[in-house]
Amino acid sequence: MTKFSATALARCAQFGIASIIFLASTAQAQQITRFRTTALNAGMHVIQAEVAATDAERQQGLMFREKMANNDGMLFIFPRPNGVCMWMKNTLLPLSVAFIDDSGTIVNIEDMKPQTTESHCAVKDVRFALEMNLGWFKQKGFKAGSHIDGIPGVR
């Protein structure tokens, strides 16, 4: 039988507890959060968009998602028009983002690679960003100047 000092046993116990806490917090951080949804209209296409309207929701975004249905997306709503930039930290899906002004008009569209921290920015102040699967806007014929209907708060 091997003998351990009380100090060695205490250190092992602390390490074990610290490891359990770390693993639990990592799992919690990677837990997928679903947000409320809204239906948007892009021409004849209906988009089921999760809405990220709070700081916490915008920070979480589509992180850790492994897949997204073809006409699903995420609408980021900002409190006021601003210089908006997006990145892909901890985001596993390749995405395209449309930056949208107060009238629902697409200002510009950027393609984004998964798990990168490169900034993708609106070319002017906007209040909305709509993330869709990579290439969705191009495949559907949407570009700068196209309109998205049904955005909450847009007349």
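The values are calculated or read from the model by the stated rules, or taken from the named source; none is laboratory data. Here the structure is a predicted model, which means the values were calculated and not measured. FYI the Cβ positions are ideal-geometry reconstructions off the backbone, even for glycines, and counts take in every protein chain you see.
Here are the numbers:
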{"read-out": "Residues of segment 103-155 that turn out to be outside the structural domain of P81 (by TED's automatic domain parsing), within 19 Å of A52 (Cα to Cα) and assigned to a loop (DSSP other than H, G, I, E, B), as a count", "value": "6"}
{"read-out": "Answer from S19, S96, S119 - the residue that is of a type in the set (S, T, Y), more than 17 Å from I151 (Cα to Cα) and at pLDDT below 95", "value": "S19"}
{"read-out": "Qualifying positions in segment 106-120 - surrounded by fewer than 16 Cβ atoms within 10 Å (Cβ to Cβ) and closer than 23 Å to K140 by Cα", "value": "D111, K113, P114"}
{"read-out": "Answer residue from segment 69-105, given it is of a type in the set (F, W, Y) and under 23 Å from P152 (Cβ atoms) and is surrounded by the fewest Cβ atoms within 10 Å (Cβ to Cβ) among those", "value": "F78"}
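For every residue, the table says whether it meets (1) of a type in the set (G, A, S); (2) within 30 Å of F137 (Cα to Cα); (3) modelled with pLDDT of 55 or more.
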{"site": "F4", "(1), (2), (3)": "no, no, no"}
{"site": "A13", "(1), (2), (3)": "yes, no, no"}
{"site": "Q30", "(1), (2), (3)": "no, yes, yes"}
{"site": "A53", "(1), (2), (3)": "yes, yes, yes"}
{"site": "E57", "(1), (2), (3)": "no, yes, yes"}
{"site": "P79", "(1), (2), (3)": "no, yes, yes"}
{"site": "G83", "(1), (2), (3)": "yes, yes, yes"}
